[in-house]
């Protein structure tokens, strides 16, 4: 095992006991589909896999890259991409994945009476 002094930085260092406690607490408070962890909070498929192991199989992503990363690791059963994507190539790449991805979109133009011009 590598000691902390031997790690290259930046490096994610996790207290395993604290992580397990937090995962168990999260699963008890919001079991299964009641919790959709946001991948941007940790950006690691290892932690997403640990969240899935306690029953949280749906994830929220901030970027297309996060969606692709989850899909490549077999963790994209139910993914929400919460930010709008304007790049057609990125949308095509997401569409080509073997994954269930929901894309958040805004109205194509202001709604009448919304006060936006």
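The values are calculated or read from the model by the stated rules, or taken from the named source; none is laboratory data. Note that the structure is a prediction, hence the values are computed from the model and not measured. Note that each Cβ is placed from the backbone with ideal geometry, even for glycine, and that neighbours are counted across all protein chains shown.
Below is a table of values for the structure above.
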item	result
Residues of region 8-23 classified as more than 12 Å from residue 51 (Cα to Cα) and either at pLDDT below 95 or in contact with a helix residue (DSSP H, G or I) (Cβ under 9 Å, 6 or more places away or on another chain) (or both), total	9
Wholly enclosed helices (runs of 4 or more DSSP H) of region 41-116 bearing at least 1 residues within 11 Å of the chain's Cα centre (by Cα)	45-53, 64-72
Residue match in region 40-58 (condition: closer than 15 Å to residue 99 by Cα, out of contact with any helix residue (DSSP H, G or I) (no Cβ under 7 Å at 6 or more places or on another chain) and surrounded by 13 or more Cβ atoms within 10 Å (Cβ to Cβ))	yes
Qualifying residue in region 19-35 (condition: assigned to a strand (DSSP E or B) and touching a strand residue (DSSP E or B) at 6+ places or on another chain (Cβ under 8 Å))	no
